[in-house]
1. Taking θ = phi - 60°, what integer Hz values does the Karplus form 6.51 cos²θ - 1.76 cosθ + 1.60 yield along the stretch 100-113, in sequence order, with x for Gly and Pro?
2. List the extent of the Cα atoms of the chain along each of their three principal axes, largest first, rounded to whole Å.
3. Leaving out ligands, DNA and RNA but keeping every protein chain, what accessible area does residue 53 have, in Å² rounded to the nearest 10, with a 1.4 Å probe?
4. Scan around residue 212 for amide H atoms under 5 Å from its own, H built in the peptide plane at 1.01 Å from N, and keep only partners 5 or more places away or cross-chain.
5. How big is the charge dipole of the chain about its Cα centre, in debye rounded to the nearest 20, if each Lys and Arg gets +1 on its Cβ and each Asp and Glu gets -1 on its Cβ?
6. Quick check: convex hull of the Cα atoms in the stretch 159-218, volume per residue, rounded to a whole Å³?
7. To the nearest 20 debye, what is the magnitude of the charge dipole of the stretch 12-80 about its Cα centre, counting +1 on the Cβ of each Lys and Arg and -1 on the Cβ of each Asp and Glu?
8. What 222 nm value per residue comes from the helices of the chain, counting each DSSP H run with n ≥ 4 as -39,500 (n - 2.57) and dividing by all residues, nearest 500 deg cm²/dmol?
Amino acid sequence: MGTPRGLDSSGTLERGLAVLEHVGKNQEISTNAIARQLGLSRSAAYRIVGTLKNLEYLEADRATGRVRLGTRLVELGARAMAATDLHRCAPRYLASLAERSGETTYLAVPDNDTMVYVATERSANAVTLACRLGTRRPQHATSLGKAWLAALPEQDRLERIRRMKLDSLTLKTIIDPARLLDDLARTSRRGWAVDEVENEPDVGCVAAAVRDHTGRPIAAISVAGPAGRVLRRTDELGATVAGTAAALSLRLGYVRAQRG
């Protein structure tokens, strides 16, 4: 990308992104040099750099005052890479899990208080389920959501449950915050969650969280099928889905659990 022309008259977002790209290209650079090389006024350059520093997208060297990309931008980049790796790697893990379980498997990612279904695989014997890709389901009523919530730090989990609206989807949906927190604590201890007909009538699921290289839960995978078939195998399927989630997490760079 060449040096922008007339950038000083561009919108704030465009100028901020141009500054970030320029800093990334130069690794470390002074604010005066940014202004000169991008054709910005000094006041505009200092204002933009100051805002980006406050937001931790840029940081300044204490000795030279030159700026470089900050921790927040690096973190966002790592998340983008992890998400890309997740979508590329997950299908083979889901396929293996579907073959071993004989049911339908799902990958879902969090979005506010829901889980969004982004990938699925079916075994030859699996029953067709109503959930399609792109579907959103409440976190509190799904094994996918409960697995993800249980993998959060305890305080984050507590704060989320306190503010969530716990709507009832079936007669089995947990809508009491204290009961849900107890369920999440059990899930955290054993490593996998159970949906006992809490999201859809006659459907049971087990799920486990997928973590990125930092240990942060970024998704969950599940085995789903007819309740009578899945729920009598929860211990077996729970261990299987947890092992698959751990293997996928390892592929994404999460190694803490393997260090013991």
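1. Per-residue couplings from phi come out as 6, 8, x, 10, 8, 10, 9, 10, 9, 10, x, 8, 6, 9 Hz.
2. 69, 38, 36
3. Residue 53 has an accessible surface of roughly 90 Å² with all protein chains in place.
4. 218
5. Numbers: 38 positive and 29 negative charges, 138 e Å.
Dipole size: approximately 660 debye.
6. Values: hull volume 5.9 nm³, N = 60.
Output value, Cα hull per residue: 99 Å³.
7. 180 debye
8. -15000 deg cm²/dmol
The values are calculated or read from the model by the stated rules, or taken from the named source; none is laboratory data. Computed from a predicted model, the values in this text were never measured in an experiment. Note that we place each Cβ from the backbone using ideal geometry, even for glycine, and neighbour counts take in every protein chain shown. Quick note on the areas: whole protein, heavy atoms, side chains included, nothing else; ligands and nucleic acids left out. Shrake-Rupley method; radii C 1.70, N 1.55, O 1.52, S 1.80 Å.
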